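Before any comments, here is the structure.
Please treat every number below as a calculation from the coordinates, not as lab data. Just so it is clear, the structure is predicted and the values come from calculations on it, not from any experiment. When we count neighbours, we look across all protein chains shown, and the Cβ atoms used for this are built from the backbone with ideal geometry, even at glycine.
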Amino acid sequence: MQQLRKSGTDPLGRYYTSNVVGCTLVREMNLRSPRVIVDLGVGDGVLTVEAAKIWKTAKLVTVDIDSNFNKQTNLTNNCHHTHDVLNSKLHTQIGLALGSVDGAICNPPYIRTRWKKDFAEILEDAGLSGILPSIRDVGADVLFIAQNLRFLRSSGRLGLIVPDGILAGEKYTKLRKILLNEHRVDRVIELPRRIFKKTDAKAHIVILTKKASSNQPVIVERMELDGSLSARLLVPISTAIRRLDYSYLESQIALESPHNYVLSDVCEALTRGQLSSADVRRSNTNIFHSTDFPPIVDNYCPNVPKPFIISKAKSVLLNTAIAQTGDILICRVGRNLEQKVCYVPKGFVALSDCVYKLRVGEAYRQEVMDFLCGDSGQNRLKALAHGVGAKYFSKEDLLSFAVESDKVFSLHNK
């Protein structure tokens with residue numbers, strides 16, 4: 001099996017697709033005898049080249065804002081246009097009617113574009129307006145999804161690559177709900193980290209059929225480094241709305257055992273600090289921050305370093321969350337989050353806004369600490385983290401974290 005070719009980005013925020021990923025995306029769309037295929041934001045043309053191999057008689061319509069589009073493909077059935085993809089009148093510019101395309105392939109750029117009036121029309125036509133709290137939150141990835149949906153006919157199929165946040169971020173829950181309820185999400189394939197050069201951002205292939213209602217579970221898989229696909233997970237729609245990333249879903253399978261539980265079952269409090277990095281630098285008191293976690297050694301949960309333990313009198317003067325004896329501290333945002341866990345053995349610790357304090361029932365405290373710092377827990381925390389660049393845990397993520405136990409869990413023990 002061919003090894004994955006890592007790909008780079010450019011000033012337009014494009015991370016170029018490897019041949020193996022492109023081939024997998026096109027193949028798994030399982031689209032028979034399409035007449036017209038569109039590739040919006042074609043970039044270096046990898047997806048279109050793979051499409052031409054499988055759909056030999058289809059007309060391939062490609063669009064890119066970059067006039068330096070790689071034309072080395074020399075495809076006889078390719079009609080290319082140089083235009084801004086995110087133009088609400090793009091269909092008139094390229095002579096392709098909305099709602100007429102059999103298949104769409106796409107690897108959207110990972111950038112946040114300056115808002116234009118056109119964007120509201122694109123989102124409205126696709127049924128995606130109002131999915132995020134603010135228009136400032138709408139990135140090119142969401143706009144490209146909407147533009148592709150506009151071009152697709154009913155029962156047309158979309159195959160695209162999306163960043164992890166679209167499938168795992170709490171902010172995009174409403175988007176997932178619409179895509180899952182208004183259309184049919186057929187397949188999700190998690191791609192290996194570092195599949196794109198110069199970033200370890202996690203991404204996924206999503207294959208969707210427009211306006212095809214279905215109550216069937218979503219097929220979720222993971223691509224391995226050699227290009228092979230993992231065993232399938234069948235994910236109910238209700239679960240898929242919350243998260244659709246394979247690593248997380250696989251980690252939650254452990255909950256099927258009666259011996260296991262989630263942190264929300266034993267959690268007495270989960271809060272984070274309020275002080276920013278700038279506040280930490282200005283403070284005359286040692287504030288515990290994401291960079292202050294001691295290393296985990298031999299799967300043992302380390303204690304907070306002594307310089308960060310302060311008196312109760314000093315703690316009441318600080319406008320932030322204060323951890324106390326028995327609390328577990330977990331890093332909220334940054335890199336290598338799974339490796340940043342520690343314990344407060346005594347006293348009080350003032351926290352920055354990058355740190356959660358977790359208080360669990362005393363009967364489960366040691367077990368939770370041991371699991372968080374053990375191999376299984378570390379792997380599960382790694383799967384739980386999401387985001388592009390600096391990763392993060394939401395409060396909901398941590399409360400849903402599954403702990404493996406050697407005793408039958410009962411809420412009466414809480």
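Find the Rg to Rh ratio for region 314-394, where Rh is the Kirkwood radius over alpha-carbon pairs and Rg uses the same atoms. If you can, show how the numbers build up before the last one.
Values: Rg = 13.3 Å, Rh = 13.4 Å.
For region 314-394, the value is 0.99.
If I take all pairs of Cα atoms in region 19-252, what percentage of them are more than 29 Å from each other?
Numbers: 5948 of 27261 pairs.
I get 22 percent for the Cα pairs in region 19-252 exceeding 29 Å.
Give me the percent of DSSP beta bridges within region 19-252 that run antiparallel, rounded to the nearest 5.
Details: 17 of 39 bridges.
Of those bridges, close to 45 percent are antiparallel.
Kindly work out what percent of the DSSP beta bridges joining two residues of the chain are antiparallel, to the nearest 5.
Numbers: 40 of 66 bridges.
Just about 60 percent of them are antiparallel.
Bins of 20 Å, beginning at zero and ending with the bin holding the largest distance: percent of Cα pairs per bin for the chain, please.
For the chain, the binned pair fractions read 25, 49, 23, 2 percent.
With each run of n ≥ 4 DSSP H residues scored as -39500 (n - 2.57), what mean residue ellipticity at 222 nm is computed for the chain after dividing by its residue count and rounding to the nearest 500 deg cm²/dmol?
Values: 15 runs with 114 residues, N = 414.
One gets -7000 deg cm²/dmol as the mean residue ellipticity at 222 nm.
For region 118-212, take the convex hull of the Cα atoms, compute a quarter of its surface area, and give me that in nm², please. Don't skip to the end; give the middle numbers.
Working: hull surface 24.6 nm².
Over all viewing directions, region 118-212 projects a mean Cα-hull area of 6.1 nm².
For region 50-153, just run the numbers: alpha carbon Rg, then divide by 2.2 N^0.38 Å, N being how many residues it has. Intermediate values should be presented prior to the final figure.
Working: Rg = 14.4 Å, N = 104, 2.2 N^0.38 = 12.8 Å.
Normalised by 2.2 N^0.38 Å, the Cα Rg of region 50-153 equals 1.12.
For region 19-252, give the magnitude of the charge dipole about the Cα centre (Cβ charges: +1 Lys/Arg, -1 Asp/Glu; no others), in debye to the nearest 20. Numbers along the way, then the final one.
Details: 33 positive and 25 negative charges, 58 e Å.
About 280 debye.
Using a cut-off of under 20 Å, list every residue of region 294-332 whose amide N is near the label point 7 Å from the Cα of Glu362 along the Cα-to-beta-carbon line.
Answer for this model: 323-329.
Along the charge dipole of the chain, which of Trp55, Ile189, Asn77 sits closest to the positive end, that is, farthest toward it, with unit charges on the beta carbon of Lys, Arg, Asp and Glu (+1, +1, -1, -1)?
Asn77
Could you tell me what % of all Cα pairs in region 253-308 have separations over 12 Å? Mind showing how you got there, number by number?
Values: 1190 of 1540 pairs.
When all Cα pairs of region 253-308 are counted, 77 percent exceed 12 Å.
Report, to one decimal in Å, the Kirkwood hydrodynamic radius for region 261-413 based on all distinct Cα pairs.
This gives a value of 15.6 Å.
How much FRET efficiency would the formula 1/(1 + (r/R0)^6) give for Arg335 and Thr76, where r is the Cβ-Cβ distance and R0 is 56 Å, rounded to 0.05?
On the way: r = 47 Å, r/R0 = 0.83.
Working from the Cβ atoms, E equals 0.75.
Report the Cα-based extents of region 207-302 along its three principal axes, largest first, to the nearest Å.
59, 36, 35
Past 27 Å, Cα to Cα, is the threshold; run Lys56/Lys116; Lys171/Lys314; Lys53/Lys177; Lys59/Lys211; Lys53/Lys391 against it and keep the listed order.
Numbers: Lys56/Lys116 37 Å; Lys171/Lys314 36 Å; Lys53/Lys177 34 Å; Lys59/Lys211 23 Å; Lys53/Lys391 37 Å.
Over 27 Å apart, Cα to Cα: Lys56/Lys116; Lys171/Lys314; Lys53/Lys177; Lys53/Lys391.
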